[in-house]
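Accompanying notes for the structure given below.
The values are calculated or read from the model by the stated rules, or taken from the named source; none is laboratory data. Being a predicted model, the structure only gives us computed values, none of them experimental. All Cβ positions, even for glycine, are placed from backbone atoms using ideal geometry, and neighbour counts span all protein chains on display. For the accessible areas, the whole protein counts, side chains as well, though only heavy atoms, and no ligand, DNA or RNA atoms are used. Shrake-Rupley method; radii C 1.70, N 1.55, O 1.52, S 1.80 Å.
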Amino acid sequence: MSKVKCSIPEFTCVSSAKLVKLLEQREANHVEFCRIKSVLDEILHMYKQPELNEILRSLMDPTWVATGLKIDFEKLVEECEWASGRIGEMIIVDDDSDQKLSSYDNIPNEFFEDMESSWKGRVKRIHIEEEFLAVEQAAGALSLAVHEDFLPIISRIRAMTAPLGGPKGEILYAREHEAVWFKGKRFAPSVWAGTPGEEQIKQLRPALDSKGRKVGEEWFSTVKVEDALMRYHEAVKARALELLRGLSTELQTKINILVFASMLLVIAKALFSHVSEGRRRKWVFPTLAGLSPYWFDEAEGSAVHNTVDMQSLFLLTGPNGGGKSSFLRSICAVSLLGICGFMVPAKSALIPPFDSIMLHMKSYDSPADGKSSFQVEMSEIRSIITQVSSRSLVLVDEICRGTETAKGTCIAGSIVETLDKIGCLGIVSTHLHGIFDLPLTVQNVAHKAMGTEYVDGHTKPTWKLIDGICKESLAFETAKKEGISEVIIQRAEDLYMSVYGKEAFSGRIRTVESTSVCGSDKTLLLSRTRAGSVCQETESNTAKTLQEIENAITMICQKKMVELYKLEKMSEPAAVHCFAIAAREQPPPSTIGASCVYVMLRPDKRLYVGQSDDLEGRVRAHRSKEGMQSAAFLYFVVPGKSMACQLETLLINQLPYQGYLLANLADGKHRNFGTS
C-alpha cells in the first residue's frame with residue numbers, strides 16, 4: 001500500500017448490520033442505494049487497477065476472518081458487477097437528473113418541492129414514465145383550478161386596496177395539510193353588484209383538514225381546487241417507492257456479497273489510513289531498528305530515540321520521569337505493530353515472531369473484587385508466569401510497588417529468576433534497588449538504566465537507555481516540580497541524609513560497560529538466536545479529457561524537466577508519469593511528503609494548476625468548495641518543491657496555448673521564475 005502510485009477509492013463505509021436491516025425490511029432509500037453502489041464500484045475500481053488488484057486479493061482472507069463468509073475472488077467481482085449494474089439501471093446517481101420539479105407561477109414552489117422532491121431525481125424516468133405523465137397532468141389541472149377560482153379574487157383585492165382596513169388575500173401553501181389554499185379577510189363585498197370576482201367569492205368554502213375539521217377563519221378553498229388537489233396527491237403516490245422496495249428484495253439474494261464487500265472496504269480504509277499516517281510520521285516497516293515513543297510525531301522531531309539490542313531479560317532502573325514507562329510502552333507498540341505487519345515508530349526494526357506480548361503497567365485497587373492494588377498486581381503477574389514461553393515478550397513496569405520494600409524486593413527477585421529460567425525476552429522496571437544485593441540465580445539478565453546528567457548542579461533525565469544501574473530517583477526534584485512546599489522537601493532531605501547518608505552518593509549510575517548506543521544510527525533490534533526474525537458515459541468523457549490533458553502536460557514539462565535536471569547536475573530524468581484521481585477517489589499514501597504538481601479538471605471544464613507537499617489535503621480542500629465535489633485531478637511527483645513551483649508556473653503559462661481555459665491564470669504572473 002505504501003508504494004501505490006495510482007489513485008485509491010474513498011472507501012465508502014457502510015455498517016453491515018444496518019445494510020442487512022434496511023434490505024430485509026425493504027426500507028433502503030435512494031441515498032442508501034447510492035452508498036451501496038459506491039461500495040460495489042470501489043471494489044471494482046480496485047479490481048481493475050493492477051496495483052490495487054493484488055491488494056484486493058490479499059484482503060480476501062482477512063475479510064473472511066472478520067465476516068465468517070468464504071467467497072471466491074472471481075465470484076465477488078462478478079456479483080459486484082451485477083449488483084452495481086442493477087442499481088445503476090434503476091437509481092439516478094450523482095445528481096445527474098433531468099427530472100425537473102413541477103412549477104407554475106400561481107402556486108408556491110415550496111408545495112411542489114415538498115410533494116415531488118422525495119421521488120423525482122431518485123428513480124430513472126424510464127421505469128415510471130406513466131406516473132410522470134400523470135403527475136404533470138395533475139399539476140397542470142391544479143394550476144388551472146387555482147387560476148380560475150382564486151386569481152379573480154386576488155385581482156379584485158388588488159384593485160380595491162385601501163390604506164387601512166382594506167381587504168387582504170393571497171394564495172399560500174399550507175405545509176401541515178399539504179394543500180394550496182386561499183387565505184384572506186375582509187374580501188367579501190358589502191353589496192353584491194355582479195363585479196368581477198364576486199362569483200368566485202361565492203364559491204369559496206372553509207378549508208378542512210384530513211379529519212374534516214375547519215382549519216381556521218382565514219383559510220378557504222373550492223370544490224374544484226379540492227378535487228384537483230386529490231387527483232394530484234394520488235398521482236404523486238407513484239411506483240417509485242414500490243420500485244425501491246423491489247430493488248431491496250432483489251439485493252437480499254446478494255446480501256453475503258454486500259456484507260463481504262463493505263467489510264473489505266472498512267479493512268482497506270483502516271490499513272491505507274495507517275500507512276498514510278505512518279508515512280507522515282516517518283515510521284518504517286519492520287524486517288521485523290531508533291525506537292521512538294509512538295505518541296510523538298517523528299516528523300516534528302519531538303521524540304528522543306533509543307537503540308535496543310535485546311538478547312535477554314532487561315532489569316531496568318531510572319529516575320521518576322526518566323522514561324521507563326514510556327520505554328516499555330514503545331517496545332510494546334513496536335512489537336505488536338510489527339508482528340501484525342504494520343508500520344512501526346522506529347527508523348528500522350528487526351522483530352522476532354513472538355507467540356505472545358504481555359504488558360503489565362501500574363496496578364490500582366479493585367474494591368468491587370475486594371482486592372488491594374498489590375493483590376491485583378500479583379493476580380496479573382500470576383497470569384503472565386502461567387502463560388509465558390521462551391517465545392514471549394514480557395514487559396512489567398515498577399514490579400511489586402504496592403507492598404513493603406523488603407518482601408516486595410524478594411518477590412520481585414524471585415519473579416525475575418523465574419522469567420530468566422523460562423528464557424523469554426522482556427523488561428522488568430523497578431525502584432527496588434535492593435534487588436541488586438540479592439543472591440539471584442540468573443544467567444541472561446542485563447542491567448539497563450534510563451540515563452541522567454548533571455546540569456548547573458542539578459540532576460536531569462536524558463531519556464536515553466544505557467547499560468548499568470541507576471539508583472537516583474529524582475524523588476525530591478519531582479515532588480518540588482509538582483508543587484510540594486519547600487519546607488516539606490527540606491525536611492524530607494534532612495531525614496534522608498540522617499538515615500541513608502552513607503549511600504547518598506551511590507545513587508549515581510554504575511556503568512557496567514561503556515556504551516555508545518546514543519549515536520546517530522538508532523536501531524530497534526529485538527533478536528533471539530532460537531526464534532529467528534520475522535456513471536459510465538460521463539466517466540468515459542472525463543477519462544478522455546484527462547488523457548488529452550496528460551498528453552499536453554507531458555509535452556510541456558518533459559523538456560523543462562531535462563533542463564532542470566542538468567542545471568542541478570542530476571542524472572537524466574525519467575519521463576513525466578501522470579496519475580489520475582477521478583471523482584470519489586483520493587491520492588495514494590505514496591504522495592505524502594512528496595512534492596507534487598497537479599491539475600484539477602473542474603466541472604465547468606476549466607483547469608486549476610497547483611503544487612503541494614500535501615496532495616491529499618489539497619484535493620480535500622478543493623472538493624470541499626461548493627460544486628467541486630466531483631472534480632478530477634492529474635498529478636505527477638517531482639524531486640523537490642523548487643522544481644514543483646517552476647513546473648507549476650510553466651503549466652499555468654503554457655496550457656492556455658494548448659487551448660485550455662484556466663481558473664488561476666493570474667497566478668502565473670506572480671512568479672519570479674518559470675514564465676518563459
Practice item. Say whether the condition of being surrounded by 18 or more Cβ atoms within 10 Å (Cβ to Cβ) and modelled with pLDDT under 60 is met by at least one residue in the range 473-494. Key: no
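Would you point out the residue of the range 330-339, among those that are in contact with a strand residue (DSSP E or B) (Cβ under 7 Å, 6 or more places away or on another chain) and within 16 Å of Glu277 (Cα to Cα), that is surrounded by the fewest Cβ atoms within 10 Å (Cβ to Cβ)?
If we take residues in the range 330-339 being in contact with a strand residue (DSSP E or B) (Cβ under 7 Å, 6 or more places away or on another chain) and within 16 Å of Glu277 (Cα to Cα), then Leu337 is surrounded by the fewest Cβ atoms within 10 Å (Cβ to Cβ).
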Exercise for review: Report, ordered by the first and then the second residue, all pairs with beta carbons closer than 6 Å, sequence separation of six or more or different chains, a first member in the range 14-29 that is of a type in the set (A, V, I, L, M, F, W, C), and a second member that is open to solvent by 70 Å² or more (accessible area, probe 1.4 Å) and assigned to a helix (DSSP H, G or I).
Suggested key: Val14/Arg35
Check your understanding: Among (1) over 26 Å from His305 (Cβ atoms); (2) part of a helix (DSSP H, G or I), which single condition is Gln443 missing?
Key -> (2)
Review point. Residues in the range 97-136 that are of a type in the set (Ser, Thr, Tyr) and modelled with pLDDT of 85 or more: how many?
Key: 3
Practice item. Any residue in the range 256-279 that's surrounded by fewer than 20 Cβ atoms within 10 Å (Cβ to Cβ): show its pairings with residues that are of a type in the set (A, V, I, L, M, F, W, C) and assigned to a helix (DSSP H, G or I) at Cβ separation under 8 Å, as long as the two are six or more apart or on different chains. Key: Ile267/Ala66
Check your understanding: Of all residues in the range 456-472 being in a loop (DSSP other than H, G, I, E, B) and crowded, with 17+ Cβ neighbours inside 10 Å, which is modelled with the lowest pLDDT?
Key -> Glu472
Exercise for review: Quick one: which residue in Pro589, Pro639, Pro603 is buried (at least 20 other Cβ atoms within 10 Å of the Cβ) and either out of contact with any Leu (no Cβ under 7 Å at 6 or more places or on another chain) or at pLDDT 90 or above (or both)?
Suggested key: Pro589
Review point. What residue, among those in the range 44-74 that are under 16 Å from Lys269 (Cα atoms) and aliphatic (A, V, I, L, M), is surrounded by the most Cβ atoms within 10 Å (Cβ to Cβ)?
Key: Met46
Exercise for review: Of the numbered conditions (1) within 30 Å of Lys75 (Cα to Cα); (2) at pLDDT 90 or above; (3) over 25 Å from the mean Cα position of the chain (by Cα); (4) not β-branched (Val, Ile, Thr), Glu242 fails exactly one; give the number of that condition.
Suggested key: (2)
**Study point:** Residue pairs meeting the criteria (Cβ under 8 Å; at least 6 apart or on separate chains; first within 19 Å of Asn541 (Cα to Cα), in the range 619-646; second among the hydrophobic types (A, V, I, L, M, F, W, C) and part of a helix (DSSP H, G or I))
**Key:** Ala632/Leu546; Phe633/Val619; Leu634/Leu546; Leu634/Ile549; Leu634/Ile553; Tyr635/Leu615
Review point. Quick one: would you say Ser38 is over 25 Å from the mean Cα position of the chain (by Cα) and of a type in the set (S, T, N, Q)?
Key: no
Review point. Given the conditions (1) within 30 Å of Ala134 (Cα to Cα); (2) part of a helix (DSSP H, G or I); (3) at pLDDT 85 or above; (4) of a type in the set (D, E, K, R), which single one is not true for Lys211?
Key: (2)
Review point. Are any residues in the range 315-360 closer than 30 Å to Glu477 by Cβ and assigned to a loop (DSSP other than H, G, I, E, B), and if so, which ones?
Key: Gly318, Pro319, Asn320, Gly321, Gly322, Gly323, Pro345
Point to revise | Among (1) modelled with pLDDT of 85 or more; (2) over 30 Å from Ile267 (Cβ atoms); (3) open to solvent by 10 Å² or more (accessible area, probe 1.4 Å); (4) within 38 Å of the chain's Cα centre (by Cα), the one test that Asp355 misses | key: (2)
Check your understanding: Consider Glu78 against the criteria (1) over 16 Å from Glu242 (Cα atoms); (2) surrounded by fewer than 18 Cβ atoms within 10 Å (Cβ to Cβ); (3) outside the structural domain of Val31 (by the TED database): it satisfies all of them except one. Which criterion is unmet?
Key -> (3)
Revision key, fill the gap. In the range 416-440, anything among the hydrophobic types (A, V, I, L, M, F, W, C), outside any strand (DSSP E or B) and closer than 27 Å to Leu350 by Cα is listed as Val416, Leu419, Ile422, Cys424
Check your understanding: Which one of Leu425, Leu393 is modelled with pLDDT of 85 or more and out of contact with any Cys (no Cβ under 9 Å at 6 or more places or on another chain)?
Key -> Leu425
Study note, to complete from the structure: Of those in the range 177-209 that are of a type in the set (Gly, Ala, Ser) and farther than 21 Å from Ala141 by Cα, the residue least open to solvent (accessible area, probe 1.4 Å) is Gly184
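Residues checked against (1) in the same structural domain as Lys37 (by the TED database); (2) within 24 Å of the chain's Cα centre (by Cα):
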site	(1), (2)
Gly197	no, no
Gln203	no, no
Lys214	no, no
Gly246	yes, no
Gln252	yes, no
Met263	yes, yes
Revision key, fill the gap. Of the residues in the range 446-483 that are out of contact with any Ser or Thr (no Cβ under 9 Å at 6 or more places or on another chain) and aliphatic (A, V, I, L, M), the one that is farthest from Val308 (Cα to Cα) is Ala479
Point to revise | Extreme residue, farthest from Asp114 (Cα to Cα), among residues of the range 163-176 that are open to solvent by less than 50 Å² (accessible area, probe 1.4 Å) and at pLDDT below 90 | key: Gly166
Practice item. Could you tell me which of the residues Phe374, Phe342 is open to solvent by 50 Å² or more (accessible area, probe 1.4 Å) and of a type in the set (A, V, I, L, M, F, W, C)? Key: Phe342
Review point. Does Glu398 satisfy the criteria of being in contact with a His (Cβ under 8 Å, 6 or more places away or on another chain), modelled with pLDDT under 90 and open to solvent by 20 Å² or more (accessible area, probe 1.4 Å)?
Key: yes
Exercise for review: With the checklist (1) open to solvent by less than 40 Å² (accessible area, probe 1.4 Å); (2) over 15 Å from Val428 (Cα atoms) in hand, flag the one item Phe327 doesn't pass.
Suggested key: (2)
Practice item. Return yes when Arg122 is over 30 Å from Lys224 (Cβ atoms), out of contact with any Cys (no Cβ under 6 Å at 6 or more places or on another chain), outside the structural domain of Asn29 (by the TED database) and open to solvent by 20 Å² or more (accessible area, probe 1.4 Å) and no when it is not. Key: yes
